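Chemist: Before anything else, here's the structure in question.
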Amino acid sequence: MNRKETGAVYEQAAAEYLEQQGCRILEKNFRSRYGEIDLVAEEAGTLVFVEVKYRTAVTIQYPEEAVNRSKQKKICRTADYYRLRRRIPDDVPCRFDVIAITPEGITQYRNAFAYCR
């Protein structure tokens, strides 16, 4: 499997996990000129932007550590564009989650980072 195929497998696993937690998946792999958001979901009226990170072995860095400040800014800009394109009002709450997948399992970091401009 190449990187893209591997990523798709883990993103599907993350989507299934979120659905089991009560989320409704709205979109997968939303792309814009600003970047990409792996999953967009809705949970109890809150729009959830999800970054999926996986590691086959945790030797140097945990997967959630890969979502650094620069990546967070890209995700925020892309989320703004998503809301604009989908005409989602500003008063709809949103949050940014990270799903970390390792051989040990799946961990969801809710509100992993704050909205950034």
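The values are calculated or read from the model by the stated rules, or taken from the named source; none is laboratory data. None of the values given here were measured: they were computed from a predicted structure. All Cβ positions, even for glycine, are placed from backbone atoms using ideal geometry, and neighbour counts span all protein chains on display. These area figures cover heavy atoms from the full protein model, side chains too; ligands, DNA and RNA do not enter into them. Shrake-Rupley method; radii C 1.70, N 1.55, O 1.52, S 1.80 Å.
Residue-wise test of (1) over 15 Å from TYR109 (Cβ atoms); (2) of a type in the set (Lys, Arg).
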residue	(1), (2)
TYR10	yes, no
GLU19	yes, no
GLY22	yes, no
LEU26	yes, no
ARG33	yes, yes
GLU43	no, no
VAL52	no, no
ALA66	no, no
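Chemist: I need the full set of residues from the range 65-117 which are of a type in the set (Val, Ile, Thr), part of a strand (DSSP E or B) and out of contact with any helix residue (DSSP H, G or I) (no Cβ under 7 Å at 6 or more places or on another chain), in order please.
Modeler: Residue satisfying the conditions is THR107 alone.
Conditions (1) without any contact (Cβ under 8 Å) to a residue 40 or more places away in the chain; (2) over 21 Å from GLU16 (Cβ atoms); (3) in contact with a Lys or Arg (Cβ under 9 Å, 6 or more places away or on another chain); (4) surrounded by 13 or more Cβ atoms within 10 Å (Cβ to Cβ), marked per residue:
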residue: ASN68; (1), (2), (3), (4): yes, yes, no, no
residue: GLN72; (1), (2), (3), (4): no, yes, no, yes
residue: ILE75; (1), (2), (3), (4): no, yes, no, yes
residue: LEU84; (1), (2), (3), (4): yes, yes, no, no
residue: ARG87; (1), (2), (3), (4): yes, yes, no, no
residue: CYS94; (1), (2), (3), (4): no, yes, yes, yes
residue: PRO103; (1), (2), (3), (4): no, no, yes, no
residue: GLN108; (1), (2), (3), (4): no, no, no, yes
residue: PHE113; (1), (2), (3), (4): no, yes, yes, yes
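Chemist: I've got another one for you. Just give me the residues in the range 27-43 being open to solvent by 40 Å² or more (accessible area, probe 1.4 Å) and either assigned to a strand (DSSP E or B) or at pLDDT 95 or above (or both), in sequence order.
Modeler: Of everything in the range 27-43, those that are open to solvent by 40 Å² or more (accessible area, probe 1.4 Å) and either assigned to a strand (DSSP E or B) or at pLDDT 95 or above (or both) turn out to be GLU27, LYS28, ASN29, ARG31, GLU36, GLU42.
Chemist: Can you give me the number of residues within the range 1-24 that are surrounded by 17 or more Cβ atoms within 10 Å (Cβ to Cβ) and not in a helix (DSSP H, G or I)?
Modeler: Going through the range 1-24 one residue at a time, the tally reaches 1.
Chemist: Right, something else. Which residues, counting only those in the range 67-93, are touching an Asp or Glu at 6+ places or on another chain (Cβ under 9 Å) and either of a type in the set (S, T, N, Q) or at pLDDT below 85 (or both)?
Modeler: Scanning the range 67-93 gives VAL67, GLN72, THR78.
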